[in-house]
Structure formats: structure tokens, C-alpha cells
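The values are calculated or read from the model by the stated rules, or taken from the named source; none is laboratory data. The shown structure was predicted, so the numbers you read here are calculated from the model rather than taken from an experiment. Don't worry about glycine lacking a Cβ; one is built from the backbone with ideal geometry, like all the others, and counts go over all protein chains shown. Accessible surface areas use protein heavy atoms only, side chains included; no ligands, DNA or RNA. Shrake-Rupley method; radii C 1.70, N 1.55, O 1.52, S 1.80 Å.
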Amino acid sequence: MVEQSDVDALRTASPPSPQHLIDGQKIDASDGAVMANTSPIDGQALGALARGTSEDVDRAVAAARRAFDDGRWSGLAPAARKKVMHRIADLIEQHMLELAVLGVRDNGTEISMALRAEPGSAAGTFRYYAETCDKINGDIAPTPPGTLGLIHREPVGVVGAIVPWNFPLMIAAWKLAPALAMGNSVVIKPAEVASMSILRLVELCHEAGLPDGVLNVVTGEGAVVGEALGLHGDVDVLLFTGSGGVGRRLLEYSARSNLKRVYLELGGKSPNVVFEDFANLGKAAKVSAGGIFRDSGQVCVAGSRLLVQRSVYEPFLDALKAEAEAMVVGDPLDLRTTAGAIASQTQCASILTRIERARTEGARLVTGGARILESSGGTFIAPTIFADVDPQSNMAQEEVFGPVVGVTPFDDEAHAIELANSTVYGLAAGVWTDNLNRAHRMVRAIKAGVVHVNTYGGPDVTVPLTGHGQSGNGSDKSLYAIEKITKLKTAWIALD
Ligand code: NAD
């Protein structure tokens, strides 16, 4: 049980030094440049980061390649890799609070959620993939007599990982754990406003016994470090989570360089559909409010489009408004807070612009709609509900990535399906119904990688998170993620 005093004791702990971690060494950027880092909690300086260069990326990729080629990790017995992976999970658990607080100071997620979703989830992910080290088999094909067809599954080599600022540890673990379990080497580039906890995680990986050079981290700007990684001729696979705009660039970088495989986990505009037959509307409102307002809406699967059957539309809006106004927005390091800060000034400004646009589009503001707690120096926005949102408007079509939900009424099941499938995205969805047949029909009809039924959020590492439509082209989590960081090889053998 975490006490507030434990959290407070870590509020001002020293952040990692402004250095990369390459080949097991902490090193400065090649030109010595650093970039300022600001906490969204109070607008105060929070250490600094090495401002990476393309030379730094070259150095990290070369270290990763050397490590892969000499077999210091890729050549270990799978059970030996498994031991180190479990030790990494142990260390994450031992440093749970330290990692969570550092991440929260960096990106503003409320600590109550960060504890579960960040180190808690990352440790579970390392444990899950630790067990794959010695359980993923090759195959024997059903070939004619006189031949033997063996199908080997091999690591791809050097994996580049580029991750976003929301849930940095959880998402980094989704990339790192399967890649390392299968014997790859990795270069990871964290987001500019959420690098600190990843730097610490990589230190812990080394402490756990991961050999030098197998996992390298280069901090800095996306347009420099991310681009250099995307264009690098010696990166075999690129794993990305972030926005669609950057995802498109990465595909271009691949085409312009070595045709590396690029896996994209992108944004969403996820529909959350409430039918009149769901008896417990209060529960639907409470969980749906959490599904959009926790972490102040900076969640890829956030249920940002609420579709509510017309007969229960107004009562549901009343219940949702009450839940939104009951959210405790503020200091993310207070255990009572239920919605933390917006990760950066830039993101805060972008959300406010989108709120203004919804107003001009004619949506009805039910609650929120403004920046709050400005005197704290932090970036906070009140949970915001727009009703009567036109399904074709910007608010209904584009991701806000903030604490803003648009609500639209529907008439019947067919209408709900039409609205649910009316964006270019397909990441997540929710359905609230007491009709089992309807629940299964909706799961099949909605174009999304995950459809929650009578809940929202919470799928664990055992199931894939897959982007349909323009929400991505791969799967994180589960055994399906193994496909991304391995390649197949056939041995065709004549048996005389
Ligand atoms: P972003 O695309 O701006 O940045 C993501 C990463 O890409 C960062 O590390 C950034 O530095 C890097 N980057 C930026 N420009 C680059 C370039 N030109 N070349 C290479 N790399 C570059 O995204 P963000 O704002 O950090 O994150 C929010 C987005 O991530 C939202 O769209 C959200 O839905 C999405 N997301 C998706 C998932 C999922 O699992 N599908 C999970 C979390 C977040």
C-alpha cells in the first residue's frame, strides 16, 4: 500500500543525468547539446536531456549491431535470457514507486493510475515475454516423403523503437520485452517530454544483467533522433507508437532507406456505445467518464465519442456530467487525484484550440471547456463534455488527445453501427448492453482492434492491441507481437 508520504519523499529526487545510454555507458550528445525539460505539474525545470544527433544514433545502432552479431545476448540459451528478463521484472517491481513518480513528474499522469499502468504493467509485460524465451517453437512442414521442411523463427537483428509521451514505461515495455526475449538488440528513442522513466528503466535492465550494447537509449527531438533511426540502413525493424502524421513519415523513411519493416500503433477516435437496454446507466456513466477523463484523456484507446440511444440520452448526459464534475483534477502526485496534468504546453494549447473549434461547430458545451489551476504553473484542463456533436464535425472525426468527449444520439442498432464506423480510425470501442446477442453482433460489426463490452479499458498483456483502419498496422502485447520482431527461415532438406 503506497502512502502519500512515500510519494512526497520522491517529489524532488534527482532525475537522470542528461546523457544517452549507449553500449552500457552514459554518454553526452556528440556535440554536447542538452535540451531543457519542464514538469507539467508546476512548469518548473525537471533536469535536462541529451539533445541527440544523427551521430549518436549511428553510434547506438553500431553498438546494437555488434552486440547482436557477437551473440552476447542473441546467442545465449533461451533459458538464460529468460532469467535476465525475470530479473528485470523484479527490479521494476522493487523500484515501482521511484519509476512511477519520475514518470509522473515528467508527463503529469495521475499517480494512482501511473502506479498500475506504468511500472506495474511494465513488470508484468517483462514477465509475460520472459516466459516466451523458451516456449516459442519452430515448425516442421507436412512435406512429401524424401524431404524435410523445417521452419525456423529467428530474431530480426536490430530493432528501433520510437515511443510517445503517454504511458512511456508501459508502451516501451510492449516494444522492448518481446524484442529482447527473442534475442534482438534495440535502440529506443523516448518522447521529448517523457524520457526520464525510460532512462531509469534501461539502467535497471543493465543492473539485471542485460549485456552492454543490447539495449540503447538515445534521447532528443523526433525530427532529428527519430528521423535518423527511421532512415538508418542498419535498423531491421521499426516499432512505433504515436501519431498518424509521424507514422506516415516513418513509412517514407523506410522506402527511402533499407525497406525496414515498420509497425505503427497510432491514434483513435474510439466510439463508446450506450444502449437503452443497459439497466445500470449510472455504472455506464461512471466507467465511461473514467474511459475518457483518466490521464486527462491522453490515452490512445480513450472513449472520446460517446454514442447514446436517444431514449436515454438526456438522463445519461446528466449522469456523465455529474461524473465529470466529480473528477479530482490537479496535482498528479496526490494519490486522491483522478485526472492529472496535460503533458506539455504545446498539447494543452492544441486541446484548447480543439475545444474552441467544437464551440464554433455548434456543439453544446455541457461542462468544462477551459484551462484550470493556472496559478499552479501546471497544465490542467477541466473534464469537458460536448453534446449534440455532429458526426461529421471535427470534434467527432479527429483525435483530441485530451479530456474532451463528444456525445451524439442514435436511434437504433443499425444507426449506432453506422456512427461507430464513421471515422478513419479503428483502435478501440465500447458497447453497453444487457442483450447478449446484441453484444456479439456489435463486437463483429464495429471496426476496431478491441471492443469492450459493459466495461471500458483494462485489457492486459495476454490480448493484442491492434489498430484497424488508420489506427495502425500491427499488434502490441500477446504472442501476436512476436511476429513483428522475428523472421521466418525455411530449411528444405533432401532425405536420401
Ligand atoms: P508523436 O507522433 O508526436 O510522437 C511520438 C514519437 O515520435 C516521439 O518519440 C517523437 O519524438 C517521435 N517523432 C516525432 N517526429 C518524428 C519524426 N519526424 N521522425 C521520427 N520520429 C518522430 O505522438 P505523441 O504526441 O507523443 O503521442 C500521442 C499519439 O500517440 C496519439 O495519437 C495517440 O493516440 C498515439 N498513441 C497510440 C497508442 C497505440 O497503442 N495505438 C498508444 C499511445 C499513444
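So the values come out like this:
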{"quantity": "Checklist (1) in contact (Cβ under 8 Å) with a residue 60 or more places away in the chain; (2) open to solvent by 10 Å² or more (accessible area, probe 1.4 Å); (3) assigned to a loop (DSSP other than H, G, I, E, B); (4) in contact with a helix residue (DSSP H, G or I) (Cβ under 6 Å, 6 or more places away or on another chain) applied to Thr109, failing item", "calculated": "(2)"}
{"quantity": "Residue satisfying all of: in the stretch 448-481; among the β-branched types (Val, Ile, Thr) and within 17 Å of the chain's Cα centre (by Cα); most open to solvent (accessible area, probe 1.4 Å) among these", "calculated": "Thr462"}
{"quantity": "So Glu361, is it more than 13 Å from Phe293 (Cβ to Cβ), away from the ligand (no atom under 15 Å from the Cβ) and without any contact (Cβ under 8 Å) to a residue 12 or more places away in the chain", "calculated": "no"}
{"quantity": "From Ala67, Ala79, Ala50, residue being modelled with pLDDT of 95 or more, among the hydrophobic types (A, V, I, L, M, F, W, C) and open to solvent by 40 Å² or more (accessible area, probe 1.4 Å)", "calculated": "Ala79"}
{"quantity": "Breaking point among (1) in a strand (DSSP E or B); (2) closer than 25 Å to Arg357 by Cα; (3) without any contact (Cβ under 8 Å) to a residue 24 or more places away in the chain, for Glu418", "calculated": "(1)"}
{"quantity": "Every pair of residues 6+ apart whose Cβ atoms lie under 6 Å, when the first sits in the stretch 117-141 and is polar (S, T, N, Q) while the second is part of a helix (DSSP H, G or I)", "calculated": "Ser121/Met170; Thr125/Ala173; Thr125/Ala177; Thr132/Ala181"}
{"quantity": "Per-region count, the stretch 401-425, residues open to solvent by 10 Å² or more (accessible area, probe 1.4 Å) and within 16 Å of the ligand (Cβ to nearest atom)", "calculated": "4"}
{"quantity": "Residue match in the stretch 167-175 (condition: near the ligand (Cβ under 10 Å from one of its atoms), within 17 Å of the chain's Cα centre (by Cα), open to solvent by 10 Å² or more (accessible area, probe 1.4 Å) and not aromatic (Phe, Trp, Tyr))", "calculated": "yes"}
{"quantity": "Residue match in the stretch 448-458 (condition: away from the ligand (no atom under 14 Å from the Cβ) and part of a helix (DSSP H, G or I))", "calculated": "no"}
{"quantity": "Any hit, the stretch 139-155, residues being aliphatic (A, V, I, L, M) and touching a helix residue (DSSP H, G or I) at 6+ places or on another chain (Cβ under 7 Å)", "calculated": "no"}
{"quantity": "Selection count where residues are open to solvent by less than 30 Å² (accessible area, probe 1.4 Å) and closer than 30 Å to Ser311 by Cβ, scope the stretch 260-290", "calculated": "14"}
{"quantity": "Enumeration of residues in the stretch 208-259 that are open to solvent by 10 Å² or more (accessible area, probe 1.4 Å) and more than 13 Å from the ligand (Cβ to nearest atom)", "calculated": "Gly209, Pro211, Asp212, Gly233, Asp234, Asp236, Ala255, Asn258, Leu259"}
{"quantity": "Residues that are away from the ligand (no atom under 16 Å from the Cβ) and under 23 Å from Lys477 (Cβ atoms), drawn from the stretch 262-287", "calculated": "Val287"}
{"quantity": "Those strands (runs of 3 or more DSSP E) lying entirely in the stretch 25-95 with at least 3 residues of a type in the set (A, V, I, L, M, F, W, C) and touching a residue at least 40 places away in the same chain (Cβ under 8 Å)", "calculated": "45-50"}
{"quantity": "Matching helices (runs of 4 or more DSSP H) fully within the stretch 205-295 where at least 3 residues are within 17 Å of the chain's Cα centre (by Cα)", "calculated": "244-256, 281-293"}
{"quantity": "Filtered residues of the stretch 375-399 (kept if out of contact with any helix residue (DSSP H, G or I) (no Cβ under 8 Å at 6 or more places or on another chain), in a helix (DSSP H, G or I) and closer than 20 Å to His415 by Cα)", "calculated": "Ala396, Gln397"}
{"quantity": "Which listed residue is at pLDDT below 95 and within 24 Å of Val328 (Cβ to Cβ), from Met1, Met96, Met113", "calculated": "Met1"}
{"quantity": "Failed item, numbered, when Ala117 is tested on (1) of a type in the set (A, V, I, L, M); (2) more than 16 Å from the ligand (Cβ to nearest atom); (3) open to solvent by 10 Å² or more (accessible area, probe 1.4 Å)", "calculated": "(2)"}
{"quantity": "Which numbered condition Ala324 fails, given (1) in contact with a helix residue (DSSP H, G or I) (Cβ under 8 Å, 6 or more places away or on another chain); (2) without any contact (Cβ under 8 Å) to a residue 60 or more places away in the chain", "calculated": "(2)"}
{"quantity": "Residue among Leu180, Leu150 that is open to solvent by 10 Å² or more (accessible area, probe 1.4 Å) and more than 16 Å from the ligand (Cβ to nearest atom)", "calculated": "Leu150"}
